[in-house]
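Each remark here refers to the structure printed beneath this line.
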Amino acid sequence: MDFQVVLLAGGTSETLSPLVSRDVPKALLPVANRPLLSYPLDLLEASDLKDLIVVVEGQEAARLVGAWVSSAYLDRLRVEVVAVPEDLGSAGALRAISKRLTANDILVISGDLVTDVLPGAVAATHRRNGAVVTALLCSVPVSGPSDTPSSSGKDKAKKPNRLNIVGLDKTKQFLLHIVSGTEVEKDVRVHKRKIQAVGQMEIRSDLMDAHLYAFKRTILQDVLEQKEAYRSIRLEVLPYLVRSQLRSAPSVGNGRPVDETGNSAVLSSGNLQCLSQHRVIAPSAFKQDVLSRSCGGHRCCAYIAPKSKYCHRLNSIQSYSDINRDVIGEASHLSGYSFSAHNNIIHPSCVLGSKTTIGPHCILAEGSQLGDKCSVKRSVIGRHCRIGSNVKIVNSVVMNHVVIEDGCHIQGSVVCNNVQLQERAVLKDCQIGAGYIVTTGSEHKAESLARK
């Protein structure tokens, strides 16, 4: 039987407030004027994975997502939208639909993943190695604003974040160790026996767990049933499976790993080097001997995306800005649009005033109007916006039906649906919730504004 696909679409995430709301759940949040959920759905369609379950937190969010999917993907995908209670976590959401899972292998994808890595590559690795879980790992994305004269400084530089610490075998196919969440900032502890068993382990901190997994169904269902307190796939389910594949390592009374002399083996997180102090065994010996002695012989694998691939999760306000920046910039192939010779998109129905300029890496959706002497740089403007004269918009996202009056300046900000900016309002690094009115002449910096 083919893979069964589960797409975890979330609900109304508090971390994305005020961008999301009851009217715009996370799955429908616009990225380059397309709903976020369209990115993983198009990816699945391109991989010929057309039967899937979309899990949405909350009845109303599920209704909105279901209506949009039915309209946008009619005759393209066969989608069952299932509502689950809010705040269950990724593992809890899977647990809630566990009885619907019937295929031998399950492909689980986060609905906030924007990538061009085909899920079929992960599925093929999973099947080839007979794994119980295979996780997509990709390069940690950079975060921060595009380079502009006003965004210089140490605190504004684009920089990668450390999201995971992973241990891989010599072939980089098998996942031997993983640390996530708050544990990343602590010392890395690795069992000496584990290193001896696999011969060589490479510790890396430059890879991100992309929240795309292939699971053996029976193992996944057993873990979800037995570990009822588990809420997170990334923080709990995956590390548990990785630990249990080599659980024979000895430990001292306090549970710390020991070396050959009986002392605990501790690696400083500041010294993440390749560990190759022990005998090297062939990959075939690793697969056949080491794992066959542990936990019924199950194997945890990794598919490491090529560095040329794009991979980012939209799970914060900053990542929302980052992904919009990338999808209209260096990763424009993900947008699904054909950019003009000027490297931008201006819908034919848009009206531009005299001396108004639209720079590269911009999108203007249908029906929007701009007055005279406006400047738009590296920004997304949604449908049917009314923008006055002498307005400057830089590194920003302006959603649908927004009114921006004369003389306003917007930089590094997100402006949601139906917002009104009155004359000469100034926004820098702000988020403005739907329907909010920014008053005449007001200036806001690094603020989140929403209707009460």
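The values are calculated or read from the model by the stated rules, or taken from the named source; none is laboratory data. Just so you know, these numbers come straight off a predicted model, no measurement behind them. In this analysis, Cβ positions are derived from the backbone assuming ideal geometry, glycine residues included, and neighbour counts consider all displayed protein chains. Accessible surface areas use protein heavy atoms only, side chains included; no ligands, DNA or RNA. Shrake-Rupley method; radii C 1.70, N 1.55, O 1.52, S 1.80 Å.
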(request) First measure r as the distance between the Cβ atoms of Thr218 and Glu45, then evaluate 1/(1 + (r/R0)^6) with R0 = 30 Å and state the FRET efficiency to the nearest 0.05. (result) 0.60
(request) Give me the number: length gained by fully extending Lys227 to Ala450, i.e. 0.36 nm times residue separation minus the C-alpha to C-alpha distance, one decimal in nm. (result) 76.4 nm
(request) For Ser448, list long-range residues whose amide hydrogen, built 1.01 Å from N in the peptide plane, is under 5 Å from its own amide hydrogen. (result) Gln431
(message) From the phi angles alone, apply the Karplus equation (6.51, -1.76, 1.60; θ = phi - 60°) to segment 358-367 and give each ³J(HN,Hα) in whole Hz, x where the residue is Gly or Pro.
(response) 10, x, x, 6, 10, 10, 10, 7, 4, x
(request) Can you figure out the FRET efficiency of Thr357 with Ser308, using R₀ = 56 Å and their beta-carbon distance, to the nearest 0.05? (result) 0.95
(request) Could you calculate the contour length gain from Arg128 to Ser389, that is, 0.36 nm times the residue separation minus the distance between their Cα atoms, to one decimal place in nm? (result) 88.0 nm
(request) Report in % the part of the accessible area of segment 339-449 that belongs to carbon and sulfur, leaving out ligands and nucleic acids; probe 1.4 Å. (result) 48
(request) Report Rg(Cα)/(2.2 N^0.38 Å) for segment 339-449, keeping two decimals. (result) 0.95
(message) Give me a comma-separated list of calculated 3J(HN,Hα) values for segment 95-109, in order, Karplus coefficients 6.51, -1.76, 1.60 applied at θ = phi - 60°, integers in Hz, x for any Gly or Pro.
(response) 4, 5, 10, 4, 5, 7, 8, 10, 6, 5, 10, 10, 9, 10, 10
(request) Name the long-range amide H neighbours of Ala302: under 5 Å, sequence gap of 5 or more, or other chain; modelled H, no Pro or chain starts. (result) Ala135, Phe174, Leu175
(message) Can you compute the FRET efficiency between Ser349 and Ser244 using 1/(1 + (r/R0)^6), with r the Cβ-Cβ distance and R0 = 41 Å? Round to the nearest 0.05.
(response) 0.10
(request) Lys and Arg at +1, Asp and Glu at -1: add these up for the other residues within a Cβ distance under 12 Å of Gly441 and post the number. (result) -3
(request) Show the residues, 5+ positions off or on another chain, whose built amide H is closer than 5 Å to the amide H of Val402. (result) Cys385, Arg386, Asn418
(message) What distance in nm separates the two pseudo spin-label positions at Asp206 and Val403, each 7 Å out from Cα along the beta-carbon direction?
(response) 5.2
(message) Modelling each spin label as a point 7 Å along the Cα-to-Cβ direction, I'd like the Ser98/Thr15 distance in nm, to one decimal.
(response) 2.5
